[in-house]
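A short worksheet on the structure shown next.
Read-outs throughout are calculated quantities, based only on the coordinates presented, and are distinct from any laboratory measurement. If you're wondering where the values come from, they're calculated on a predicted model, not measured in any experiment. Cβ placement follows ideal geometry from the backbone for every residue including glycine, while neighbour counts extend to all protein chains displayed.
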Amino acid sequence: MQLQNYQPQDGILTGRTILVTGAGSGLGRALSLRLARLGATIILVGKSKKKLEQVYDGIEAQDSPQAAIFPMDLAKAGEQDYVGLAHAVAENFTRLDGLILNAASLGQHGPVVHIELEQWQRAVQVNLSANFLFCKHFAGLLNVGDKSALIFVSDQLASRGRAYWSCYDAMKAATENLIQTSADEWEANTAIHANSVRLPAMQTMLRRQAFPAEDPTALPAPEDMTLPFVALCDPGQDWPRGQCLNWDFTAKSLSEI
């Protein structure tokens, strides 16, 4: 998808409801604000209620549709928490037009032989199992309408294992596979278009945790990464299914891997 000339029209997402995980900061915050400006009702999911409230206030300040807040710590949530959240969304919104799986944790940064099992299990919970549970329990809501988008926020590190990053990149690669598997299962009989988008490094808290000595101003801002998600939520666009897509923000190109 060449997006150099793609200019989303005002109000293209009016009447559509999109849930964003990890919505309290970084890319999740940037996505929530931009999608709301285009008319979407945003369901904000994240660990910190205070941060979600700040994003909520930002959405209110730009006169966008009123958002909803659902605080949820993915590291501690059990399956019934996802079931309960799905029921709450169904009661309040009837359906979902978009689900953006953005939440992630760096996990323990170090050699595989030094990673503690508890840290590994936490990384699996946040970076993989949470995405599985969202796919499992929100597919019905995504299938209510005639066209919906499920988008997993991946990373270029998912293309190949890198030393000291197993708690992060191994889970990204596994979730990409999960999204492709789900898309293959859903293609013939659902309205769900499920895809992954690999992003380059950007100015986020997770990046600062991994590279504390790096100059963050040398990296693009999260706002520079929002365009492909807008296009993949825009019902007027021709969406792929089951693809892993790479975002080149300088060329504004979204290409299949």
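Among 95-107, 224-236, sorting by the average number of other beta carbon atoms lying within 10 angstrom of each residue, highest first, gives 95-107, 224-236. With neighbours defined as other Cβ atoms within 10 Å of a residue's Cβ, the residues L35, L206 order from fewest to most as L206, L35.
Cβ under 15 Å from Q66's Cβ, Q66 left aside: what net charge do those residues give with Lys, Arg +1 and Asp, Glu -1? That sum, taken over residues with Cβ under 15 Å, equals -2. Going from the residue with the fewest nearby Cβ atoms within 10 Å to the one with the most, Y82, Y164 rank Y164, Y82. Segment A188..R241, full-extension length gain: 18.0 nm, with 0.36 nm per residue of separation and the alpha-carbon distance subtracted.
For the stretch 80-121, GluC sites (Glu not before Pro) are listed when DSSP marks them as loop and at most 13 other Cβ atoms sit within 10 Å of their Cβ; the list is E116. Beta bridges assigned by DSSP with both partners in the stretch 17-256 are antiparallel in approximately 15 percent of cases. If R₀ is 30 angstrom, what is the calculated FRET efficiency for the pair D10 and I69, using the beta carbon separation as r and rounding to 0.05? Efficiency, rounded to the nearest 0.05: 0.75. The local environment of G46, defined by Cβ-Cβ distances under 14 Å, has a net charge of +3 under the rule Lys, Arg +1 and Asp, Glu -1.
Partner lysines whose Cα lies under 28 Å from the Cα of K76, excluding those fewer than 8 positions away in the same chain, are identified as K47, K49, K50, K51, K136, K172. Here the stretch 197-248 and the stretch 51-95 have alpha carbon centers that stand 22 Å from each other.
From the alpha carbon centroid of the stretch 135-150 to that of the stretch 1-38 is 18 Å.
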